[in-house]
Amino acid sequence: MRSFLKSINSLILLITLFALMSTASFAEASYKIEIDHLLNYIKNTECLYERNGDRHNGVDAHKHISKKHEYFKDDIQSAEDFIRLSATQSTISGRKYHIICPDKKRVESRKWLLKELHRYRSITH
């Protein structure tokens, strides 16, 4: 009987560990999908990304932010981390990035991306 209980306890422990690992993997996959969406949003925008006074189209902004994302990947645990670390300000000058869209006011990239993240989550969750 003792052996049977040990086996049951071991099975419960394994199931619990598997469930925890699955939940963590799902959460990681979820934020990576959100980051991919934001990167595509940047790449395909008609707006200009302003960095350190220079304006860049979406394709060029995407290249730059993708490089920063790769650099900070070990510190990124959410889409918000990605925005904060990779897409909001120069790591060298500290100057904030801005978005300039046709017929709209210039806005900080952080606000622009958080707004899109919120919109994306509202349609996918």
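The values are calculated or read from the model by the stated rules, or taken from the named source; none is laboratory data. For clarity, every value in this text was computed on a predicted model and none was experimentally measured. Virtual Cβ from ideal backbone geometry, glycine too; neighbours counted across all protein chains shown.
In region 72-83, the residue that is nearest to the chain's Cα centre (by Cα) out of those that are assigned to a helix (DSSP H, G or I) and within 17 Å of Asp36 (Cβ to Cβ) is Ala79. Among the residues examined, Leu114 qualifies as among the aliphatic types (A, V, I, L, M), crowded, with 17+ Cβ neighbours inside 10 Å, out of contact with any Phe, Trp or Tyr (no Cβ under 8 Å at 6 or more places or on another chain) and assigned to a helix (DSSP H, G or I). Considering only region 86-106, state which residues are in contact with a Cys (Cβ under 8 Å, 6 or more places away or on another chain) and either of a type in the set (Val, Ile, Thr) or surrounded by 12 or more Cβ atoms within 10 Å (Cβ to Cβ) (or both). Ile99, Ile100, Cys101, listed by residue number. Please enumerate the residues belonging to region 56-65 that are touching a residue at least 12 places away in the same chain (Cβ under 8 Å) and surrounded by 15 or more Cβ atoms within 10 Å (Cβ to Cβ). Hits for region 56-65 are Gly58, Ala61, His62, His64, Ile65.
Do we find a residue being at pLDDT 95 or above, outside any loop (DSSP other than H, G, I, E, B) and either in contact with a Gly (Cβ under 6 Å, 6 or more places away or on another chain) or within 18 Å of Tyr31 (Cα to Cα) (or both) anywhere in region 92-110? For region 92-110, residues at pLDDT 95 or above, outside any loop (DSSP other than H, G, I, E, B) and either in contact with a Gly (Cβ under 6 Å, 6 or more places away or on another chain) or within 18 Å of Tyr31 (Cα to Cα) (or both): present.
For region 41-67, taking the residues that are within 19 Å of the chain's Cα centre (by Cα) and among the aliphatic types (A, V, I, L, M), the one that is nearest to Gln89 (Cα to Cα) is identified as Ile65.
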